[in-house]
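**Q** This is the structure, below, for whatever I ask next.
The values are calculated or read from the model by the stated rules, or taken from the named source; none is laboratory data. For clarity, every value in this text was computed on a predicted model and none was experimentally measured. Ideal geometry is used to build each Cβ from the backbone, glycine not excepted, and the neighbour counts take in all protein chains shown.
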């Protein structure tokens with residue numbers, strides 16, 4: 001206590017225990033004259049010298065940014081040509097009666113089927129997951145009613161390579 005009053009700081013004390021983690025730690029007691037309180041000043045950690053301080057963004061200069069950009073420039077990819085759409089898949093005759101005869105992607109087939117189902121009100125009134133087949137869809141589905149989860153599997157059976 002005498003050293004705290006004389007110098008404003010005690011020797012390193014090692015008998016403190018954290019209230020939150022219950023771990024022991026070392027600290028100095030210091031006198032804060034502005035607040036009129038005794039506070040902790042933590043001892044430097046033994047492992048602190050192992051790791052250098054973190055670099056901050058403010059430490060970079062514009063010259064460093066330019067050299068970093070110059071290093072990355074040769075590694076950048078050339079502008080890719082736009083992707084060409086695939087030839088698509090040929091629908092069966094039964095499916096072509098509903099969506100058309102031109103080759104089309106599998107995702108577009110499902111989209112066109114849903115457009116047809118919604119336009120003709122073929123979703124079941126009680127269970128919206130069920131689809132009722134009309135005269136055009138019955139040859140595609142093979143039964144009177146299917147669920148929306150079966151739709152992708154059914155579509156796969158009616159598509160082939162052109």
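**Q** Being part of a loop (DSSP other than H, G, I, E, B), in contact with a strand residue (DSSP E or B) (Cβ under 9 Å, 6 or more places away or on another chain) and closer than 19 Å to residue 105 by Cα is the filter here, so list the residues in region 140-159 that pass it.
**A** 148, 150, 158
**Q** Name the pairs whose Cβ atoms lie under 6 Å apart, with the first residue in region 1-17 and farther than 15 Å from residue 33 by Cα and assigned by TED's automatic domain parsing to the domain that holds residue 29, the second assigned to a loop (DSSP other than H, G, I, E, B) and modelled with pLDDT under 75, and 6 or more positions between them or separate chains?
**A** 12/43
**Q** Now for a different question. Among the residues of region 5-17, is there at least one that is over 30 Å from residue 155 (Cα atoms), surrounded by fewer than 11 Cβ atoms within 10 Å (Cβ to Cβ) and modelled with pLDDT of 80 or more?
**A** Yes; the residues of region 5-17 include at least one that is over 30 Å from residue 155 (Cα atoms), surrounded by fewer than 11 Cβ atoms within 10 Å (Cβ to Cβ) and modelled with pLDDT of 80 or more.
**Q** Against the definition (modelled with pLDDT of 80 or more and not assigned by TED's automatic domain parsing to the domain that holds residue 151), how does residue 98 come out, yes or no?
**A** Against the criterion (modelled with pLDDT of 80 or more and not assigned by TED's automatic domain parsing to the domain that holds residue 151), residue 98 does not qualify.
**Q** Name the residues in region 117-139 that are in a helix (DSSP H, G or I) and surrounded by 15 or more Cβ atoms within 10 Å (Cβ to Cβ), would you? Write out each step before concluding.
**A** Residues of region 117-139 in a helix (DSSP H, G or I): 117-119, 138-139.
Scanning region 117-139 gives 117, 139.
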